[in-house]
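*Asks:* Here you go, one structure.
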């Protein structure tokens, strides 16, 4: 009873919370960044890429992206929904993964693409002035545009329900075992034999004694 | 039994052959009789107040009613109770027999035909030395002649385990568990302790369980 009750309560709670939660759609764009060096120079691609990203993302990039994407809810909210991840592959290729989680599929794709294209534009401007005293250069292009996602990324009701079901069963069984071990009062001879693992030779019912049992 | 002295406990249903509880004690008695080579049984409990003395008296009365002579010996040297339940004085009893070396029959009284009750007698300052002595085993075994069962109304289980005479000197141990008040975890722990100590735990009596 406890197991079923707890499981049902947890599942209903999770479903209710999920239904009232704002849906989240996540779209992703990928920007390829090409880092070039002059022959005869040595450079660290990772630090160079970091420098490029640092140089490009400053100077009011976020406000421009927000304007282009039509975002009006404030820069902090935009930042929280934006996830920009620089990646350098084992072959030395650099790219930038731009993810945006919005309350609609269109908004998510629009924001991710706005960031990606403005990033490319700024890298292009940066490349006009050769870097590191003219020995290094960078170029970028949007390798994959963000498309409006068909499915929302959160809340995942099915996954949450499954987790709630499992947790409810686990908690319920744990709780039942705990209560059973603390329980006073036996359900009968069989219960006592199962619990104590010794034979019960007799079960004496209470009688209306006037005083204490000794 | 002197009914004027019994003020806090009604022993009547335990000794009365027509009592509603008698048949339950008779069933218990039959199971005990079916165990081979079991005559002297230590009756202990998980905790105080679960009905050790009641079970001893009810069981012994049922045995006597079935024609098997029996005896109850109060070994609760720290908390003597049998004499109180029976409404009798405790001037002589088990400890008297242990000190003088005389048979325990001399220090008890037949409360029913075929049922001898031996109270503790004067409480010693060092009960553990009495309960741990080989003399206790010899004295109680002395009652076996002509009797089918000797029930030792004993201290709680942890003291029984601590006493070599009680845990090893007799034919088996009967554990009384209260059907309402005893927690399952404590009862389980007690049976585990008794078994780990190597005692011959014959079984459990579920006392005071709900009717029906």
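*Asks:* State whether the residues of region A:74-96 include one that is in contact (Cβ under 8 Å) with a residue 40 or more places away in the chain, closer than 14 Å to residue A:118 by Cα and either exposed (fewer than 15 other Cβ atoms within 10 Å of the Cβ) or touching a helix residue (DSSP H, G or I) at 6+ places or on another chain (Cβ under 9 Å) (or both).
*Replies:* Yes, the conditions are met somewhere in region A:74-96.
*Asks:* Turning to a different aspect of this structure: Spot the failing condition for residue A:157; the list is (1) modelled with pLDDT of 85 or more; (2) more than 30 Å from residue A:48 (Cβ to Cβ); (3) surrounded by 15 or more Cβ atoms within 10 Å (Cβ to Cβ), and only one is missed.
*Replies:* (1)
*Asks:* Another question, then. For residues that are farther than 18 Å from residue B:201 by Cα and facing another protein chain (nearest Cβ under 8 Å), tally how many sit in region B:19-39.
*Replies:* Summing the residues that are farther than 18 Å from residue B:201 by Cα and facing another protein chain (nearest Cβ under 8 Å) in region B:19-39 gives 6.
*Asks:* On to the next question. Looking only at region B:26-75, which residues are part of a loop (DSSP other than H, G, I, E, B) and within 9 Å of the chain's Cα centre (by Cα)?
*Replies:* B:75 - this is the single residue of region B:26-75 that is part of a loop (DSSP other than H, G, I, E, B) and within 9 Å of the chain's Cα centre (by Cα).
*Asks:* Give me the strands (runs of 3 or more DSSP E) completely within region B:96-212, filtered to those with at least 2 residues that are within 14 Å of chain A (Cβ to nearest Cβ) and touching a strand residue (DSSP E or B) at 6+ places or on another chain (Cβ under 6 Å), ordered by residue number.
*Replies:* B:149-153, B:172-178, B:201-209
*Asks:* Going by what's in this entry, would residue A:112 be described as within 33 Å of the chain's Cα centre (by Cα), assigned to a helix (DSSP H, G or I) and at pLDDT 90 or above?
*Replies:* Judged against the criteria, residue A:112 is a match.
*Asks:* Follow-up. Only residues that are in a loop (DSSP other than H, G, I, E, B), surrounded by fewer than 24 Cβ atoms within 10 Å (Cβ to Cβ) and within 13 Å of chain A (Cβ to nearest Cβ): list them for region B:76-93, please.
*Replies:* Passing the criteria: B:79, B:80, B:81, B:87.
The values are calculated or read from the model by the stated rules, or taken from the named source; none is laboratory data. Quick caveat, the model's predicted, so the values are computed rather than measured. No Cβ is skipped: glycine too gets one built from the backbone with ideal geometry, and neighbour counts run over all protein chains shown.
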